[in-house]
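Nothing in this text is a laboratory measurement; each read-out follows from the coordinates by a stated rule. Only a predicted model underlies this, so the values are computations on that prediction, with no experimental measurement involved. Cβ coordinates were reconstructed from backbone atoms using ideal geometry, including for glycine residues, and neighbour counts include every protein chain displayed.
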Amino acid sequence: MCGISGYIGNQKIEDSILKKTLSLMKNRGPDSQNTYEVNFKKTNVYLLHSRLSIIDLTEYANQPFSSYDKTLIFNGEIYNYLELKEKLLKKGYIFKTKSDTEVLLAAFNEYGETVFEHLNGMWAFAIWDDKKKLLYLSRDIFGEKPLYILKTTHGIYFASEVKFIRALLNSHLKIDEKYINNFIIYGYRVLNKTNNSFFSNIKKVKNATFLKIDLNLGVSEKKYFLPKFNKANHSNDITDEIRKKLINSVGIRLRSDVPISFCLSGGVDSSGLASIASKIFNYKIKTYSIIDSDEKYDESENIKHTVNDLGCEHYPIHIDYSNMSVRLKNLIEYHDAPISTISYLVHSLISEAISKTSSKVVISGTGADELFSGYYDHFLFHFTEFDDEEKLNENINFWKKSAGKFVRNRFLKDPFCFIKDSDFRENFYPETKKYSKFIKIKKEKLLPETFFCNSLFRNRLLNELFFETVPVMLNEDDLNSMYYSLENRSPFLDKDLLNSVLKIPSINLIQKGYGKYYLRKALKGILNDKVRLDKRKIGFNVSIQNVFNFSDKKTIENFMDNTKIFEIYKRDEIFKLLKKKNITESEQKFLFNFINLKFFFECNSY
């Protein structure tokens, strides 16, 4: 994993600005930093790269990497680079390095704009084609690697992080107030319904797309991947296929010339990945877990089951809540954005702990819930699949005896709301009315879901996978890990695995009260059954009152001081909420967003 940035346009960028930008990029790639520059008539092209060495640690794999009259800067990994390299060798290609970077550039040279169907990996890259005088930008299918773009009258800037664009531009950026307002009203789920960002005119390059930019700054965009639905013959076949695809996904993500660590919670997802690495590939894994004293979120029992089963090195991280306010502000300043949820504030402790070891790579279970259906509300959407009343009631009874017992959200306790009331299903943000009294801004109309298929349930999963929850998690994972110069890998976000899961009829994704039914089946004999068959979805969270001491007068005064935040929020109502003794989980989320945004405005006050 690395950092990239660049510019194409009619302006010259001073060396001092290039050096300043590279300095900001160093945490994303402390091992090597280089710049490529080309001038053609009135057009200047700059490519900047900061390398975190993972595969082929030699200087010969440094970037920008030039060959075939093309120059590449690349953030991410092409996991199937060895298989791709074999194909290219047969076509007569010669390789001087052992890197996936060289393979990617050779593959682009061979396949051109169809290269993406040959790639399995995570990436954000820029390729300058010196013959065609074209700049190509691309992001991977799931958007694991970030890429931002800014179009101006004189040129186009792009980068892994917003701050790199700001540095190259050598100017302040304006906050996008409409984007802020939507975040306040609807929360993090709306952040990727468009490709806007927290700053005006800074756009995200869309996942599963590539852009072509010519010398006249003309930009064309093309989507290279859409989900395909093909029904499997029968359940045993698809379970075996999913098992093979998941094992392969983990295997190719173990390709590294540096040590790899694993995030381990008590859930099926991360425990399953660690078990595959240990039992199938005999990888001597190191696992890291967040342990909280709050019994409501305690997963230590299941964590112990996995650790004892694998006999792996395990490092529990007990939460130290001192200086969490300082940590939050530092992360917000680095992220160039508010933190989406309080859990990611605490999750940064894992990245910090791993960064103090020899590991440069961490593997996490991001994406499994959206791929296989693992959230409590998924059960309710699943009920809408049934036309047969007897089967519906049977599944509701399974739910009541299993997952339904653990639901804390009052809006998810009545399955018939989702089955009978389409307005309730469409309004996935039922608490927004409650908090209207706290804010001065008007509620914007919420953008509808993207349509993928006729199944309400499957459509929900795919919207979460590509637009709502997974993109937010990936952004947090990327920035939390890169803050500490680590690469994050997510084996559930694999193109081949996705194509296999899409063969499962949506009505079969949940069975006998089990979410992630096919994942559990695929892990049989690999994952400890006490973890594999545990129907609870605990999820990691912490109380905001552990992080911030609302009984402390100085803390309250700091939150209530006169800043831009109270152009949006009503001061008196916020004060009442801060002083409230028993704050609900919903109120905690609302307050965290308030504190988040207050710090964000402070970090961006010019």
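How fast does the stretch 477-557 diffuse by Stokes-Einstein, in µm²/s, taking the Kirkwood radius from C-alpha pairs at 20 °C and 1.002 mPa s? For these conditions, the coefficient is 126 µm²/s. Loop-located GluC sites (Glu not before Pro) across the stretch 1-99 with a Cβ neighbour count of 12 or fewer within 10 Å are 14, with loop assigned by DSSP. Residues whose amide H lies under 5 Å from that of residue 44, counting only those 5 or more places away or on a different chain, are 9, 10, 11; hydrogens are built 1.01 Å from N in the peptide plane.
Quick one: if the Förster radius is 60 Å, what FRET efficiency do residue 113 and residue 581 give, using the C-beta to C-beta distance and rounding to 0.05? Working from the Cβ atoms, E equals 0.50. Judged by the gyration tensor of its Cα atoms, with axes a ≥ b ≥ c, the stretch 158-226 is oblate; a/c meets the 1.5 cut and b/c is at least as large as a/b.
Among the trypsin sites (Lys or Arg not before Pro) in the stretch 1-99, those placed in a DSSP loop whose Cβ has at most 14 other Cβ atoms within 10 Å are 12, 41, 42, 91, 96. For trypsin sites (Lys or Arg not before Pro), the sites in the stretch 440-484 that DSSP calls loop and that have at most 14 other Cβ atoms within 10 Å are 440, 442, 445. On the principal axes of its alpha-carbon atoms, the stretch 222-369 has extents of 55, 46, 37 Å, going from largest to smallest.
All Cα-Cα distances of the stretch 269-346, cut into 5 Å bins from zero to the largest, leave 3, 13, 20, 17, 15, 14, 12, 6, 1 percent in each bin in turn. One quarter of the convex hull surface built on the alpha carbon atoms of the stretch 472-606 amounts to 13.4 nm², the projected area averaged over directions. Applying 0.36 nm per residue to the separation of residue 279 and residue 97 and subtracting their alpha-carbon distance, the gain on full extension is 62.4 nm.
Bridge orientation summary for the chain: considering DSSP beta bridges with both residues in this region, about 80 percent are antiparallel. Remark: the stretch 3-223 projects, on average over all directions, an area of 12.1 nm² (convex hull of Cα atoms).
Per DSSP H run of at least 4 residues, take -39500 (n - 2.57); add these up for the chain, divide by its residues and hand me the 222 nm value, nearest 500 deg cm²/dmol. It lands at -11000 deg cm²/dmol.
Calculate the FRET efficiency for residue 226 and residue 394 from the Cβ-Cβ distance with a Förster distance of 30 Å, rounded to the nearest 0.05. Once rounded, the FRET efficiency stands at 0.30. Pairs exceeding 25 Å between alpha-carbon atoms, taken from 360/589; 163/598; 178/223; 391/434: 360/589; 178/223; 391/434. Relative to its residue count, the stretch 545-603 spans a Cα convex hull of 83 Å³ per residue.
Each residue of the stretch 44-60 was assigned a 3J(HN,Hα) from its phi angle through the Karplus curve 6.51 cos²θ - 1.76 cosθ + 1.60 (θ = phi - 60°); the sequence is 10, 10, 10, 10, 10, 9, 10, 9, 9, 6, 10, 10, 6, 7, 6, 5, 5 Hz, with glycine and proline shown as x. Relative contact order of the chain: 16 percent, from C-alpha pairs under 8 Å at least 6 residues apart in sequence. Two numbers describe the Cα atoms of the stretch 96-228: Rg and Dmax, which are 16.2, 53 Å. Using the Cβ-Cβ distance between residue 12 and residue 219 with R0 = 22 Å, the FRET efficiency computed as 1/(1 + (r/R0)^6) comes to roughly 0.55.
Ordering 18, 485, 68 by Cα displacement along the dipole of the chain toward the positive end leaves 18 in first place; charges were set at the Cβ atoms of Lys, Arg (+1) and Asp, Glu (-1).
Overall size of the chain from C-alpha positions, given as principal axis extents largest first: 68, 62, 46 Å.
A simple spin-label model places pseudo-atoms 7 Å from Cα toward Cβ; at residue 256 and residue 402 they are separated by 3.3 nm. For the stretch 189-212, the residues whose backbone nitrogen is under 19 Å from a point 7 Å from the Cα of residue 564, taken along Cα to Cβ, are 196-203.
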